[in-house]
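The values are calculated or read from the model by the stated rules, or taken from the named source; none is laboratory data. What you are looking at is a predicted structure, and each value in this text was computed from that prediction instead of being measured. Every residue, glycine as well, gets a Cβ built from its backbone with ideal geometry; the counts of neighbours run over all protein chains shown.
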Amino acid sequence: MIATSDCVELPSGVSLTSDRLADTVRGCSWPLNDSGSFILRRAGSPLDAVARELAEAHDLPPDVARFDVLRFIWTLNSLALVNIVPSGHRLRRLADWLGLTLRLAPTGALPTPITRRRRLDTGSMVRGVVSTLRASGFRVLAIATASTLVLLPPTMIVGGPGRVGALAVGLGVGTAIGVGLHEAGHAAMLRGVPSALVVRGRRTFLLHAPLAPARRSLVAVSGPAAAVAAGMALVLLGAAHAEPSVVVLGLPLAAHSLSLTVLGGDGRAACGI
Amino acid sequence: MRDLRAFAFGAIAIGVLAYAGMAALAVATLAAGRSLAVGLGPLVFVAVEREASAGVMTFGSGLAAVAIVGGLANVASARLIRRRAGRRSDGVE
């Protein structure tokens with residue numbers, strides 16, 4: 001959710017000229033009207049201040065100006081063309097989010113998540129992997145924590161006493177490592193291609209410049225392959241030493257193999273769809 | 001060629017998943033000091049036998065059969081998607 005006290009910033013790779021918004025990662029640019037340029041030139045200012053200035057400059061009712069600014073920023077954010085710089089304390093934002101979630105509950109909807117785009121250095125294979133792991137670090141930690149908490153109740157049913165925590169942590173950590181390795185695998189094959197890591201809600205993906213079909217397939221396969229290779233190494237190690245906790249750690253990583261099928265976007269790209 | 005790719009990726013994906021799942025089951029069985037045999041008719045997926053001082057895990061032809069079925073299912077799904085949606089290129093992985 002976006003608050004009027006939030007600010008916006010142009011992510012690395014996105015630039016503003018006099019009347020166009022350009023994205024070097026996508027290799028595209030889009031024309032902006034006067035109002036669009038007006039709003040984006042004030043990146044860094046709180047959105048309510050921008051809306052007030054827009055209302056004064058274009059002689060608009062304040063509510064209309066605020067709605068226009070929020071809708072414009074919302075659209076650009078959903079396209080990963082602007083990042084939101086939240087204002088206020090994290091706990092306050094969490095409380096606001098919970099309040100909005102409760103208000104939306106009767107409709108069966110959740111607040112639309114904010115998109116966050118981070119720059120990736122794809123100058124070399126190693127830089128690509130390191131910058132992806134760095135960019136997704138917080139995300140990986142959050143997934144590990146959330147997965148462990150979600151998996152705790154079901155593991156209480158299947159695990160014996162004393163093993164519950166280890167089983168849930170193993171699956172949670174494996175899930176998080178899998179996400180990091182998956183995206184790092186993609187980045188490893190994107191050497192020299194402008195790319196960015198995008199996080200939106202529960203989705204994490206790489207945005208990159210258009211590629212030739214063969215390379216696109218290679219990039220698509222490399223993500224799941226990295227996670228599956230690590231997972232199978234852990235499963236084989238655990239099986240060789242009859243160590244269930246090591247096998248459990250490898251299971252979520254091995255599950256990334258499903259991304260190679262047409263069930264996942266990577267699999268569809270790899271299969272030439 | 002596309003069908004071959006879809007078959008290969010589907011077979012690998014389902015084969016890996018089946019192997020990992022059966023390995024987890026077998027290792028958990030070994031750790032519990034029990035025996036186990038998972039199969040479907042003549043197809044054996046995994047068998048765990050306890051011997052005097054150690055356990056033995058055997059992975060059977062059932063895993064290969066599951067992988068082949070997974071590959072064929074992926075080919076069929078890929079054909080269906082191609083027919084319905086056509087080619088898509090969004091530059092997102």
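Here are some notes:
- In the stretch A:80-110, the residues that are of a type in the set (D, E, K, R) and at pLDDT below 90: A:Arg90, A:Arg92, A:Arg93, A:Asp96
- Among the conditions (1) under 18 Å from A:Met1 (Cβ atoms); (2) touching a Ser or Thr at 6+ places or on another chain (Cβ under 9 Å); (3) of a type in the set (Val, Ile, Thr), A:Thr122 misses just one, which is (1).
- Contact map, the stretch A:254-268: first residue more than 7 Å from chain B (Cβ to nearest Cβ), second residue assigned to a helix (DSSP H, G or I), Cβ cut-off under 6 Å, separation 6 or more or different chains; pairs are A:His256/A:Gly178; A:His256/A:His182; A:His256/A:Pro224; A:His256/A:Ala227; A:His256/A:Val228; A:Ser259/A:Pro224; A:Ser259/A:Asp266; A:Ser259/A:Gly267.
- Hey, A:Arg191 more than 8 Å from chain B (Cβ to nearest Cβ), closer than 22 Å to A:Pro11 by Cα and free of Cβ contacts under 8 Å to residues at least 40 places away in the same chain or not: no
- The number of residues in the stretch A:31-48 that are in contact with a strand residue (DSSP E or B) (Cβ under 9 Å, 6 or more places away or on another chain) and either hydroxyl-bearing (Ser, Thr, Tyr) or surrounded by 13 or more Cβ atoms within 10 Å (Cβ to Cβ) (or both) comes to 11.
- Being within 22 Å of the chain's Cα centre (by Cα) and part of a strand (DSSP E or B) holds for only one residue in A:Ile73, A:Ile84, and it is A:Ile84.
- When the stretch B:1-13 is limited to residues that are among the hydrophobic types (A, V, I, L, M, F, W, C) and free of Cβ contacts under 8 Å to residues at least 60 places away in the same chain, the one that is farthest from A:Leu260 (Cα to Cα) turns out to be B:Met1.
- Restricted to strands (runs of 3 or more DSSP E) entirely inside chain B, those with at least 2 residues that are within 11 Å of chain A (Cβ to nearest Cβ) and modelled with pLDDT under 95 are B:43-50, B:55-59.
- Taking the stretch A:221-242 as the range and being facing another protein chain (nearest Cβ under 7 Å) and surrounded by fewer than 24 Cβ atoms within 10 Å (Cβ to Cβ) as the test, the residues that pass are A:Met232, A:Gly238, A:Ala239, A:Ala242.
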